[in-house]
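Asker: Below are the structure tokens for one structure; questions will follow.
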């Protein structure tokens, strides 16, 4: 076949009719599709196997590689040794009723910049990777490190807090509608402040404002928000 292809221009020049007849023949067309092919060969290496694996590592500034277990031990040591030295940890672990959105931001900032001997800081992303809990909330991870508490998702923590607040009150259908919106915000942000109702699209987009919702909750919204925040931080 290769030889025929190489000499085809010469054949067309010297033997036009014969060559065209050959190219149009059924035998030639069949040969183009069903020409003999070399037999496929496979080489099997008996006893040889390939393995692909991966592992999560965190790095220290001295070049050490820490596995999740060692990384979490460093995190637990940091949390347990610093409540008296880092105010935001002391507030969360000792005075959760005073823990608000400012403390939550300060907590995240503190974890993302400490300790000094680790390249991979204690960010929420890193801690979730180490715990193998992609949805664990930061408060749960702090409390787990400090006392061995349960690792909760943000959704679970918020639902438990709302359940506690609702156990002491009876809410109207209209109030429950707004509490569902508050729940959505809390799952994303954990805590809520009075100013959020007038600033955040999740509320303003639904026509909410602090004045309107406080009226819906008969002037008791500030107390309810404080109780929800306290229950979430506890």
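Laboratory data are not the source of any read-out in this text; all were calculated from the coordinates shown. For clarity, every value in this text was computed on a predicted model and none was experimentally measured. Note that we place each Cβ from the backbone using ideal geometry, even for glycine, and neighbour counts take in every protein chain shown.
Asker: Based on alpha-carbon atoms only, what is the radius of gyration of the chain relative to the globular estimate 2.2 N^0.38 Å?
Answerer: For the chain, the normalised Cα radius of gyration comes out at 1.97.
Asker: Moving to a separate point now. Distance in nm between label sites at residue 216 and residue 151, each 7 Å beyond Cα in the beta-carbon direction?
Answerer: Here the answer is 3.6 nm between the modelled labels.
Asker: Let me ask you something else. With only alpha-carbon atoms counted, please give the Rg and Dmax of the range 61-118, in Å.
Answerer: 12.8, 41
Asker: Still on this structure, please answer the following. Relative to the first principal axis of the alpha-carbon coordinates of the chain, what is the inclination of helix 154-166, with its axis defined by its Cα atoms, in degrees from 0 to 90 and to the nearest 10?
Answerer: 30 degrees
Asker: Binning at 5 Å from 0, report for the range 146-218 what percent of all alpha-carbon pair distances ends up in each bin.
Answerer: 3, 14, 25, 23, 19, 8, 4, 3, 1
Asker: Dividing the alpha-carbon radius of gyration of the range 106-234 by 2.2 N^0.38 Å (N being the number of residues), what value is obtained?
Answerer: Output field value: 1.19.
Asker: Would you compute the Debye intensity of the range 72-152 from its alpha-carbon atoms alone, equal scatterers and no solvent, and pass along log10 I(q)/I(0) at q = 0.18, 0.19, 0.20, 0.26 Å⁻¹ to two decimals?
Answerer: Taking Cα atoms of the range 72-152 as identical point scatterers yields -0.69, -0.78, -0.87, -1.54.
Asker: In addition: Below 8 Å, C-alpha to C-alpha, sequence gap of six or more: please give me the relative contact order for the chain in percent.
Answerer: Relative contact order here is 17 percent.
Asker: On to the next question. Quick one: if you stick a label point 7 Å off each Cα along the C-beta vector at residue 33 and residue 160, how many nm between them?
Answerer: Those two pseudo-labels are separated by 6.9 nm.
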